[in-house]
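Here the structure is laid out as structure tokens; the discussion comes afterwards.
The values are calculated or read from the model by the stated rules, or taken from the named source; none is laboratory data. Just so we're clear, the structure is a prediction, and the values are computed from it rather than from any experiment. Note that each Cβ is placed from the backbone with ideal geometry, even for glycine, and that neighbours are counted across all protein chains shown. Protein only, heavy atoms only, side chains kept; ligands, DNA and RNA dropped before computing areas. Shrake-Rupley method; radii C 1.70, N 1.55, O 1.52, S 1.80 Å.
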Amino acid sequence: MILHCVFCAAPFEAVADVIVELDGFAMSLPGVVSFDAGPNLDFEGKSQGHPSGFVIVFQDRAALDGYAEHPKHKALGARLVTASEGGADGIVVYDLAVP
């Protein structure tokens, strides 16, 4: 499985509507296991200006690729870029192999 982690340089309130739409969209796709999102609590003070984010668990790379290439994902991603300080540079993405 793949844990797709996305962190945004935008307050959660500024991206909450987009994240809700991403949740509904992602969960409608085959191979998506779960979607979770929220404001970053940053208990360790190491988040470097990313106060919001979400994670999606995909069954495999094919499911992630289907999500990433979908026009709806691209449109919603563009809205996240617009809302994030620094545009695309204000978004950090990690894809982790998980059991």
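Things worth noting here:
- Extension gain from Ala75 to Asp60, taking 0.36 nm per residue of separation minus the Cα-Cα distance: 3.1 nm
- Proximity of backbone amide H atoms, modeled 1.01 Å from N, is registered between Val33 and Val57, Phe58, Gln59 at under 5 Å, excluding neighbours fewer than 5 places apart on the same chain.
- Neighbour count of at most 16 Cβ within 10 Å plus DSSP loop: longest GluC sites (Glu not before Pro)-free window in the chain: 1-43
- Within the accessible area of the chain (1.4 Å probe), percent carbon and sulfur: 58
- Where the chain is the region considered: accessible area per residue in Å², 1.4 Å probe: 58
- Only helices enter this figure: runs of n ≥ 4 DSSP H residues, each worth -39500 (n - 2.57), summed and divided by the residues of the chain, yield -12000 deg cm²/dmol at 222 nm to the nearest 500.
- Farthest towards the positive end of the charge dipole of the chain, among the residues Phe12, Tyr67, Gly38, is the Cα of Tyr67, using unit charges on the Cβ of Lys, Arg, Asp and Glu.
- Computed over the chain: relative contact order in percent, which uses C-alpha pairs under 8 Å that are six or more apart: 47
- Karplus (6.51, -1.76, 1.60) ³J(HN,Hα), θ = phi - 60°, over the range 11-18, in Hz, Gly and Pro reported as x: x, 4, 4, 6, 10, 4, 5, 5
- Solvent-accessible surface (1.4 angstrom probe) belonging to Ile91, in square angstrom, nearest 10: 40
- About its Cα centre, the chain has a charge dipole of approximately 160 debye under the convention of +1 per Lys or Arg Cβ and -1 per Asp or Glu Cβ, with nothing else charged.
- Diagonalising the gyration tensor over the Cα atoms of the chain and scaling each eigenvalue by 5 before taking the square root yields semi-axes of 21, 16, 11 Å, largest first.
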